[in-house]
Amino acid sequence: MTFTKLLLIGGTSLLAGFFLLLAPMAEIINGTADGLAWFLAAIGAFLLLEGIVMFFLGLQARKRDLNRPRTYGHDEDGKPFEDDRPHNAHQYPGAGVQGQAGVDGMP
């Protein structure tokens, strides 16, 4: 799983966990909580823990990816860049590549 997915899932779980943990907290503190309030608080606590772990794993994976040395001789498929790119990308194409200039549409 990529670090972007880990960070996204972790962040979403943190937000959901905060909401589900804090929503029934007033009932739990007052002592009037029913079973559903305790269940939502337990799910919220679980989501908080899961979100913290996933977010931490995402940060570690991002750090590992950013610290990995890059080589620019090959792309990710393993084929060299020279196979699909010209030697000089800014070179003006030759007359054989330009086609017919001045025919149909040229004033």
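All of the numbers you see were taken from the coordinates with simple rules; none came from a lab. In this text the structure is predicted, and so the values were computed from the model without any measurement. All Cβ positions, glycine included, derive from the backbone under ideal geometry; neighbour counts span all protein chains shown.
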Starting at the first residue of the range 42-53, write each ³J(HN,Hα) from the Karplus equation 6.51 cos²θ - 1.76 cosθ + 1.60 with θ = phi - 60°, in whole Hz, x for Gly and Pro.
-> 5, 5, x, 5, 4, 5, 4, 4, 5, x, 5, 5
So the FRET efficiency between Ala42 and Thr12, C-beta based with R0 = 22 Å and rounded to 0.05, is 0.75
Which whole-Hz couplings ³J(HN,Hα) result when phi for each residue of the range 11-18 is put into the Karplus expression 6.51 cos²θ - 1.76 cosθ + 1.60, θ = phi - 60°, listed in order with x for Gly and Pro?
-> x, 5, 5, 4, 5, 5, x, 4
In percent, what relative contact order does the range 3-67 have, based on Cα pairs under 8 Å that are 6 or more apart in sequence?
-> 52 percent
Whole-number Å³ per residue for the convex hull built on Cα positions in the range 3-67 = 54 Å³
